Amino acid sequence: MKTVALVGTFDSKGTEYQYIKQLLEKLDLNVFTIHTGVFEPLFVPDIDVSVVAEQIGEEIMKIRERNDRAYATAVLSKGLEILLPKLYAENLFDGVLSFGGTGGTSLVAPGMRKLPIGVPKLIVSTVASGDTSVYVGTSDIIMMPSIVDVSGLNKISKRIFGNAASAMAGLLNYRFETEEDDHPLIATTMFGVTTPAVNFARDYLEKRGYEVLVFHATGVGGRTMESLVADGYFKGVLDLTTTEWADQLVGGILNAGEKRLEAAAVAKVPQVVSLGALDMVNFGPFDTVPERFKKRIFYKHNPTVTLMRTTIEENKALGKIIAEKLNLAQIETILTIPKAGFSGIDVVDGPFYCPEADQALIRSIKEHLSNDKVQVIELDNTINDQAFAEFSAQQLINLINKEGI
């Protein structure tokens, strides 16, 4: 029998969790209960909240005396971040399930994010229908709207609780097991306007025995790739599409944070980097573009995505950033530069064609690059030329072979 870790506040929502525990057991699941509420639980859990608090040197009695909900949530969340992976490593559960509002979701989600990709993680929450990125992060947490608050048993909540229990049973008992193989994994980044390049590179690498995972460079894609690179999933990184830095710098909607383009360098993973889609910043529908940009050059990619051309000054700043990230490299790294254009619309007669802006980026990178481990290779291609994509892929293979990986 599979075991589900049922995590939540068994004090304030003890009746609800007791009901959910019974549902799970009726579905032939073992239930491993972890209490994260501040006060005494309605039923005896397998792991008491005191154990959660102890993970960061706190005493639950002192937390109770303080009577500060925000403080308690922060402390217990940090404790669960440490404890939950430990319990999983001890094979005490196979998947994890939780229910709650903003407080309960904020408490449990960080711990779930620390579990490996592929471990079933489900949160039924009152905030599941909005922007869930703060809870999910770069993990594979599933969030289900609770419809009504997780408070009391009624016709609606019972149906939702039943669906969640059934979903967890399905995730645990009817999992599709993929065949394991020994093909080394390569990470690469793609955007709509760099798709041909990535497709050429992927085909080239797969024909040579590699398995390629493509990450959509939409902010969360870049963050997810960086996280998995740091966790040691990949033998190499073909970072063809670094566009997220344009959004980070200028204020677009698809930024991946200030750590983008660092993981491979810090983890000493062979990488080939390029400048894909750094000619653009991303916004939503045109009427959502900030007023200060209204006189800029735009391209309506589709009804919900508006692209804005980066300027010479912005590209100078981007060049400095890219160089600073490459300067972190601890092993041989290659930057391939497609001098004829950085995207499918940054080409001769294309709406974003601007050689002066592209050259400003290239010059800035060279000016600020100080790491002799980084080799810069310029080619007279657009990024989407097959020759450029395959050349970049082969350079990555060369780096992997040199490192003996």
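Surface analysis of the chain yields an accessible area of 45 Å² per residue, using protein heavy atoms and a 1.4 Å probe.
With a simple spin-label model that places each label point 7 Å from the Cα along the Cα-to-Cβ direction, the separation between GLU403 and ASP11 comes to 4.8 nm. With all protein chains in place and a 1.4 Å probe, the accessible surface of the range 307-405 carries 47 percent carbon and sulfur.
If you sort the three axes of the alpha carbon gyration tensor as a ≥ b ≥ c, you get a/c of 1.5 or more for the range 90-178 and a/b no higher than b/c, which makes it oblate.
Excluding same-chain neighbours fewer than eight residues apart, the aspartates and glutamates reachable from LYS155 by a Cα-Cα span under 18 Å are GLU16.
Each principal axis of the Cα cloud of the range 102-251 was taken in turn, and the coordinate range along them, longest first, works out to 56, 43, 24 Å.
Using a 1.4 Å probe on the protein heavy atoms, what percent of the accessible area of the range 140-196 belongs to carbon and sulfur? Don't skip to the end; give the middle numbers.
On the way: 1800 of 3320 Å².
Exposed carbon and sulfur together represent 54 percent of the surface.
For the range 21-121, the orientation-averaged shadow of the C-alpha convex hull comes to 6.6 nm² (one quarter of the hull surface). Dipole magnitude for the range 274-405: about 400 debye, using +1 per Lys or Arg Cβ and -1 per Asp or Glu Cβ, origin at the Cα centre. With no solvent and one equal point scatterer per Cα, compute the Debye intensity ratio I(q)/I(0) for the range 266-358 at 0.22 Å⁻¹ and report its log10, rounded to two decimals. Log10 of I(q)/I(0), two decimals: -1.10.
Gain in length, GLU332 to THR288, computed as 0.36 nm per residue apart minus the alpha-carbon separation, to one decimal in nm? Each step should come with its number before you reach the end.
Details: separation 44, 0.36 × 44 = 15.84 nm, distance 4.20 nm.
Residue separation times 0.36 nm, minus the Cα-Cα distance, leaves 11.6 nm.
May I ask you to list the aspartates and glutamates whose Cα is less than 17 Å away from that of LYS295, ignoring any residue fewer than eight positions away on the same chain? Correct list for LYS295: ASP279, ASP287, GLU313, GLU314.
Of all lysines in the structure, the ones whose alpha carbon falls short of 18 Å from that of LYS235, not counting any fewer than 8 places away in one chain, are LYS207, LYS268, LYS402. Computed in the context of the full set of protein chains, the accessible area of the range 89-131 at 1.4 Å probe radius has 46% of its extent on carbon or sulfur.
Once Rg and Dmax of the Cα atoms in Å is calculated for the structure shown, the corresponding label among [x] 23.0, 88; [y] 23.8, 79; [z] 24.5, 70 turns out to be [z].
Projecting the Cα atoms of ALA389, THR188, GLN248 onto the dipole axis of the chain, where Lys and Arg carry +1 and Asp and Glu carry -1 at the beta carbon, places GLN248 farthest toward the positive end. The charge dipole of the chain, taken about the Cα centre with unit charges on the Cβ atoms of Lys, Arg (+1) and Asp, Glu (-1), comes to about 800 debye, rounded to the nearest 20.
When the Cα atoms of the range 183-307 are enclosed in a convex hull and the volume is divided per residue, what value in Å³ results? Kindly include the intermediate steps, with their values, before the conclusion.
On the way: hull volume 11.5 nm³, N = 125.
Hull volume normalised by residue count: 92 Å³.
Look at the dipole of the chain built from charges on Cβ: of ALA53, TYR88, VAL214, the Cα furthest out on the positive end belongs to ALA53. Modelled this way, with points 7 Å down the Cα-to-C-beta line, the labels at ASP68 and THR102 are 1.9 nm from one another.
Fully extending the segment from VAL348 to ASP372, taken as 0.36 nm per residue of separation minus the present Cα-Cα distance, adds 5.3 nm.
Placing +1 on each Lys and Arg Cβ and -1 on each Asp and Glu Cβ, with no other charges, gives the range 305-375 a dipole about its Cα centre of roughly 120 debye. Potential lengthening of the chain between ILE117 and VAL44 amounts to 23.3 nm, from the contour at 0.36 nm per residue minus the alpha-carbon distance. Ordering THR102, THR36, GLY236 by Cα displacement along the dipole of the chain toward the positive end leaves THR102 in first place; charges were set at the Cβ atoms of Lys, Arg (+1) and Asp, Glu (-1).
The values are calculated or read from the model by the stated rules, or taken from the named source; none is laboratory data. Keep in mind that what you see is a predicted model, and the values were worked out from it rather than measured. In this analysis, Cβ positions are derived from the backbone assuming ideal geometry, glycine residues included, and neighbour counts consider all displayed protein chains. In case anyone asks, the SASA skips ligands and DNA or RNA and just uses the protein heavy atoms, side chains included. Shrake-Rupley method; radii C 1.70, N 1.55, O 1.52, S 1.80 Å.
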